[in-house]
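Sharing a structure, written as structure tokens. Questions coming.
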Amino acid sequence: MTSPDAPSNVQGHTGPGGSTFADLRELTSGLDADQQRAVLSSAPLLAVIAGAGSGKTSVLTRRVAVRCLQGRADPMHTAVITFTRQAAGELRRRLRSLGLQDSIMAGTFHAISLSLLQQHWERIGRQPPTVVQDRRRLIGEVIGPRRTSLIDDLAVEIDWARARNLPARAYAQACGTSGRVSNASPGDVERVMVDIEALKVKRGVIDLDDLLSHVIDIARKDEEFASIMRWRLRHLYVDEAQDMNPLQRAVLDIWRGDRDDLTLVGDPSQAIYGFNGSDPAILRQLEDHFPGIEVVRLDTNYRCTPQIVRAGLSALAHLDISPPPLRSARPDGPSVSIYGFDDETAEAQGVVRLLESAHGPLDSWRQFAVLARTNAQLGPIRSALESASIPIRANVSRSNDPLQRFIREVGDLPSRTRLAAWSRDAQLTDPFEPEDLLHRDDKPSENSEDTRKTHDTLVRVARAVDEFLADGGSDGRSFLAWVRTQRPFDDVSTFFGVDLMTIHGAKGREWDMVVVVGCEDGLLPHTSAKSTAAKDEEVRLAYVAMTRSADRLVLTYSKTRRGRRRSRSPLLDGIETTESVAPPPPEFLEALRERRSQRPQHDPVLEELTTWRLHAARVSGVDPRLICPDDVLVDLARLRPDSIDALDAIPGLGMPLIARAGPSILAAISLGITQESGGD
């Protein structure tokens, strides 16, 4: 085994289960000092407090690989835990790309619990119960058809109680202690909880939360089960640890036992699932929960411009605690813009003008998103975008954008070797991951079609990686630039369009430009937030919304909504902004649309010029637009100059660039013309 002090040139290592790990140089490639500290830390009990855009998933997966490489963790006894099926799938693929194959257990709390319980039931010779997905169906059965209007209110309260591992008899007291206000009476909630438990016993079924509570209850009664479970799960890693609720925390404690082999990764400033019982205090009071824990902070944001980072921190300043010391690693970008509109209709039309004015000749609509606190706010926006013929991403309300997720995943790979391995594994992967065991019965799952489409997208990205490698591509970062210029996925209509979604749905996502609509007192923060904890969560929601944007952030509000007066959200106070700048006038947009309609959709000359600019930017280490602005590049493709003198006639090009790169520009134009004519 390789020692913890192994030099950085340690070669690949084959470990338990046939896993072939990357070497240390590769696993630490491209990491900053704090990221390397987190990845290489020898502390078995570690917390990584990872600010927005700081590369937490890369750090987590590389730490797993480094510990396995150095012999401090066994892949066969390692579990990486997260909270959604999509996130679990991403973790599995990233771990495979680092050579860990399928030996590591990576999944949600529920999926890992199900796997352990299935082994237990098989050991004792018991028939596994059926897992019921939708608790609302059970509620409807026990309350009867005359009271179905109460299902949603009862479901919310039962979810709240189960997330805290509360039995029915403890619900009312817990509500009183926490100051919780419910739309359902405590007596009704308690009776329905009791009746549901009786119905599940009668039917021989369990629900998703039962998977977790069964693990706890059986482990406390059956020492053999507890020992087998802890033997299997010796090294634990929790992603998005701020999202753990008390029930999940109790399961984690059962899995850990008295051992300290645990890595937590998360950001208390992004804790936005209080309705599910999550509590950011677990990451703010780490020493109280985990005595002796080492803490590493990732305080460099690689996603957002400084202006956007400062806007997010300005929102967090409304909490009673100090904002994190987050800083941007990027150069300055545009100021944050705030627009006030007369009503929601004017706001929707204004969003259209803002998006159209920002959509450059080389941009894709999928680089833009509109976020809102509630789904109801998105209706007028959708109608306005459709009227303006701006494409909207299909199924945006429940889409997790697998295309962008896979592209980002590839972007983290440090070498040609890892790119090739990722592509190979992606094209061999069973589209039904272990998580889907939770969603199967005797007939096809309602999620089967979505799973198949996601897998097809994975294969498309893998084939694009193969094409990139054939073109001489080197690493993941270069792949991201290649995708942006070559646009290999623009023919996939499902993914071509502006994203419309709630802030909760946008968690973990990013776009070049984000418009956050409805920034009004009563919506953000929402009027339903009564307690201090709920109000604090609204602040964190604003922070999450703002930090989804990489380059440009726009915040809008309406002075009236549904005929009622509104005031601007107090969470916007203190943001450095260019407020009150009017959106572009309609006549400007009409001219913009006209120019757009006249431009060829696929221009080989423009593509070759874009590739030239990209390579020049890589050599210089600057943004491609600093080499040559988009509008100048489009003029070059349109006018197609064929000499140095003709280049000099292009406005905005300039003799310094012509003297330095004129022959390369002319060569790119010539190559594009040749491709257009079908020549060799």
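The values are calculated or read from the model by the stated rules, or taken from the named source; none is laboratory data. Since the structure is predicted, the reported quantities are computational estimates derived from the model, not experimental observations. Heads up, the Cβs are rebuilt from the backbone with ideal geometry, glycines too, and the neighbour counts pull from every protein chain shown. Remember, those area values only see protein heavy atoms, side chains included, never the ligands or the DNA or RNA. Shrake-Rupley method; radii C 1.70, N 1.55, O 1.52, S 1.80 Å.
Test Ser322 against the criterion of being open to solvent by 30 Å² or more (accessible area, probe 1.4 Å), free of Cβ contacts under 8 Å to residues at least 24 places away in the same chain and of a type in the set (Gly, Ala, Ser), and give yes or no. If you could, list the steps in order and put the result at the bottom.
Details: open to solvent by 30 Å² or more (accessible area, probe 1.4 Å): yes; free of Cβ contacts under 8 Å to residues at least 24 places away in the same chain: yes; of a type in the set (Gly, Ala, Ser): yes.
Judged against the criteria, Ser322 is a match.
Right, here's the next one. Determine which single condition Lys221 fails, assuming it passes every other condition in (1) touching a helix residue (DSSP H, G or I) at 6+ places or on another chain (Cβ under 6 Å); (2) modelled with pLDDT of 90 or more.
Going through the list (1) touching a helix residue (DSSP H, G or I) at 6+ places or on another chain (Cβ under 6 Å); (2) modelled with pLDDT of 90 or more, Lys221 breaks only (1).
Another one. Exactly one of (1) open to solvent by 40 Å² or more (accessible area, probe 1.4 Å); (2) in contact (Cβ under 8 Å) with a residue 40 or more places away in the chain is unmet by Asn301. Its number?
Result: Asn301 fails condition (1) only.
Out of the residues in region 524-557 meeting the condition of being free of Cβ contacts under 8 Å to residues at least 40 places away in the same chain and charged (D, E, K, R), tell me which one is most open to solvent (accessible area, probe 1.4 Å).
The extreme case among them is Lys535.
Now for a separate question. Among the residues of region 231-252, write down those that are over 25 Å from the mean Cα position of the chain (by Cα) and either closer than 29 Å to Ser58 by Cβ or buried (at least 22 other Cβ atoms within 10 Å of the Cβ) (or both).
Arg232, Leu233, Arg234 - these are the residues of region 231-252 that are over 25 Å from the mean Cα position of the chain (by Cα) and either closer than 29 Å to Ser58 by Cβ or buried (at least 22 other Cβ atoms within 10 Å of the Cβ) (or both).
Which one is modelled with the lowest pLDDT, of the residues in region 380-417 that are within 22 Å of the chain's Cα centre (by Cα), more than 17 Å from Gln367 (Cβ to Cβ) and not hydroxyl-bearing (Ser, Thr, Tyr)?
Among residues in region 380-417 that are within 22 Å of the chain's Cα centre (by Cα), more than 17 Å from Gln367 (Cβ to Cβ) and not hydroxyl-bearing (Ser, Thr, Tyr), the one modelled with the lowest pLDDT is Arg398.
Let me ask something additional. Among the residues of region 175-201 satisfying the criterion of being open to solvent by less than 20 Å² (accessible area, probe 1.4 Å) and at pLDDT below 90, which is nearest to Gly140 (Cα to Cα)?
Ala184
Looking only at helices (runs of 4 or more DSSP H) that lie completely in region 217-304, which have at least 1 residues being closer than 26 Å to Met76 by Cα?
Filter on region 217-304 gives 223-232, 246-256.
Which ones in region 506-523 are open to solvent by 10 Å² or more (accessible area, probe 1.4 Å), in contact with a strand residue (DSSP E or B) (Cβ under 8 Å, 6 or more places away or on another chain) and assigned to a loop (DSSP other than H, G, I, E, B)?
Listed by number, the residues that qualify are Glu510, Asp521.
Just to be sure before I move on: is Ser620 at pLDDT 80 or above, loosely packed, with under 14 Cβ neighbours inside 10 Å and more than 30 Å from Ser389 (Cβ to Cβ) in the structure I sent?
No; evaluated as a whole, the condition is false for this residue.
Continuing with the same structure: Restricting attention to region 37-84, and to residues there that are in contact with a His (Cβ under 8 Å, 6 or more places away or on another chain) and among the charged types (D, E, K, R), which single residue is farthest from Val296 (Cα to Cα)?
So, considering only residues that are in contact with a His (Cβ under 8 Å, 6 or more places away or on another chain) and among the charged types (D, E, K, R), the one farthest from Val296 (Cα to Cα) is Asp74.
Among the residues of region 632-653, write down those that are of a type in the set (Lys, Arg) and in a helix (DSSP H, G or I).
Arg638 - this is the single residue of region 632-653 that is of a type in the set (Lys, Arg) and in a helix (DSSP H, G or I).
I would also like to ask the following. Which condition does Ile216 not pass, out of (1) surrounded by 19 or more Cβ atoms within 10 Å (Cβ to Cβ); (2) closer than 30 Å to Arg232 by Cα, if it passes all the others?
(1)
Among the residues of region 639-665, count how many are more than 19 Å from Pro604 (Cα to Cα), open to solvent by less than 40 Å² (accessible area, probe 1.4 Å), free of Cβ contacts under 8 Å to residues at least 40 places away in the same chain and hydrophobic (A, V, I, L, M, F, W, C).
The number of residues fulfilling the criteria is 5.
Being open to solvent by 30 Å² or more (accessible area, probe 1.4 Å), of a type outside the set (Asp, Glu), over 14 Å from Met546 (Cβ atoms) and not in a helix (DSSP H, G or I) is the filter here; which residues of region 335-349 pass it?
Gly340, the sole residue that qualifies.
In this structure, does Thr560 turn out to be modelled with pLDDT under 90, of a type in the set (Val, Ile, Thr) and open to solvent by 30 Å² or more (accessible area, probe 1.4 Å)?
Values: modelled with pLDDT under 90: no; of a type in the set (Val, Ile, Thr): yes; open to solvent by 30 Å² or more (accessible area, probe 1.4 Å): yes.
Answer is no for this residue.
Where in region 75-177 are the strands (runs of 3 or more DSSP E), entirely inside, with at least 1 residues that are among the small types (Gly, Ala, Ser) and in contact with a strand residue (DSSP E or B) (Cβ under 8 Å, 6 or more places away or on another chain)?
Result: 78-82, 105-108.
If Thr502 passes every condition in (1) at pLDDT below 95; (2) open to solvent by less than 10 Å² (accessible area, probe 1.4 Å); (3) not aromatic (Phe, Trp, Tyr) but one, which one does it miss?
With respect to (1) at pLDDT below 95; (2) open to solvent by less than 10 Å² (accessible area, probe 1.4 Å); (3) not aromatic (Phe, Trp, Tyr), Thr502 is out only on (2).
In this structure, does Ser531 turn out to be farther than 16 Å from Ala317 by Cβ and touching a Phe, Trp or Tyr at 6+ places or on another chain (Cβ under 8 Å)? Spell out the reasoning first.
Values: farther than 16 Å from Ala317 by Cβ: yes; touching a Phe, Trp or Tyr at 6+ places or on another chain (Cβ under 8 Å): no.
No; evaluated as a whole, the condition is false for this residue.
Further, regarding this structure: Just give me the residues in region 509-528 being farther than 19 Å from Tyr557 by Cα and out of contact with any Ser or Thr (no Cβ under 9 Å at 6 or more places or on another chain), in sequence order.
Within region 509-528, Arg509 is the sole residue that qualifies.
Of everything in region 219-230, what is open to solvent by 50 Å² or more (accessible area, probe 1.4 Å) and of a type in the set (Gly, Ala, Ser)? Give them in sequence order. Quick ask: steps written out before the conclusion?
Residues of region 219-230 that are open to solvent by 50 Å² or more (accessible area, probe 1.4 Å), as a first pass: 220-221, 223-224, 227-228, 230.
Result: Ser227, single match.
For residues that are surrounded by 18 or more Cβ atoms within 10 Å (Cβ to Cβ) and polar (S, T, N, Q), scanning just region 1-28, find the one that is modelled with the highest pLDDT.
Out of the qualifying residues, it is Ser19.
Can you say whether Leu100 is farther than 18 Å from Asp239 by Cβ, open to solvent by less than 20 Å² (accessible area, probe 1.4 Å) and touching a helix residue (DSSP H, G or I) at 6+ places or on another chain (Cβ under 8 Å), as far as the supplied structure shows?
Criteria not met by Leu100.
Turning to a different aspect of this structure: Here's a check for you: in region 253-298, which residue that is farther than 24 Å from Arg37 by Cα and among the hydroxyl-bearing types (Ser, Thr, Tyr) is surrounded by the most Cβ atoms within 10 Å (Cβ to Cβ)?
Taking the candidates together, the pick is Ser278.
For region 350-361, enumerate the residues that are touching a helix residue (DSSP H, G or I) at 6+ places or on another chain (Cβ under 8 Å) and either open to solvent by less than 20 Å² (accessible area, probe 1.4 Å) or in a helix (DSSP H, G or I) (or both).
The answer is Val351, Val352, Arg353, Leu355, Glu356, Ser357, His359, Gly360.
Sticking with this structure for a sec: Which one of Ala372, Ala346 is modelled with pLDDT of 90 or more, of a type in the set (Gly, Ala, Ser) and touching a Gly at 6+ places or on another chain (Cβ under 9 Å)?
Unique residue meeting the criteria: Ala372.
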